[in-house]
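Heads up: the structure comes next, in structure tokens.
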Amino acid sequence: DPDVQLVVLDMNMPNLSGARVLARIRQIRPELPVLLSSGYDERDAASLVEEGGPTVAFIQKPYRLAERDEVIRGLLKATTRARAPS
């Protein structure tokens, strides 16, 4: 759906990992910003964030809404810069 501008994705879900969902999102919309979230250690998501470049970020649960909003603004800004022509 082209109206979707960002995905917030939990790393741990029943019957499906966040990594598998992220891989599927990348097949469908590689440029779509994704905010990964987990109550577990950030190291679990480190390689996904690194591979995703500016279109993937991570936030540790529990988090404050203001913190989440700041990360989302930064992710959207970084994604916009990455897509801008050089």
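The values are calculated or read from the model by the stated rules, or taken from the named source; none is laboratory data. Worth saying up front: this structure is predicted, and the values here are computed from it rather than measured. As a convention, Cβ positions derive from the backbone with ideal geometry for all residues, glycine included, and neighbour counts pool all protein chains shown. Only protein heavy atoms, including side chains, enter the accessible area calculation; ligands, DNA and RNA are left aside. Shrake-Rupley method; radii C 1.70, N 1.55, O 1.52, S 1.80 Å.
When region 33-47 is examined, which residues are found to be farther than 12 Å from residue 9 by Cα and surrounded by 13 or more Cβ atoms within 10 Å (Cβ to Cβ)? Result: 42, 44. Among the residues making up region 51-86, those that are within 19 Å of residue 23 (Cα to Cα) and assigned to a helix (DSSP H, G or I) are 51, 52, 53, 54, 55, 75, 79.
Inside region 11-32, residues that are surrounded by fewer than 16 Cβ atoms within 10 Å (Cβ to Cβ), modelled with pLDDT of 90 or more and not in a loop (DSSP other than H, G, I, E, B) make up a count of 3. Among the conditions (1) touching a strand residue (DSSP E or B) at 6+ places or on another chain (Cβ under 9 Å); (2) open to solvent by 60 Å² or more (accessible area, probe 1.4 Å), the only one that residue 55 does not satisfy is (2).
Close contacts from region 40-59, counting a first residue that is within 16 Å of residue 78 (Cβ to Cβ) and a second that is among the acidic types (Asp, Glu), with Cβ to Cβ under 8 Å and a gap of 6+ residues or different chains, come to 55/31; 58/42; 59/67. Scan region 24-33 and tell me whether some residue there is under 17 Å from residue 2 (Cα atoms) and among the polar types (S, T, N, Q). There is at least one residue in region 24-33 that is under 17 Å from residue 2 (Cα atoms) and among the polar types (S, T, N, Q).
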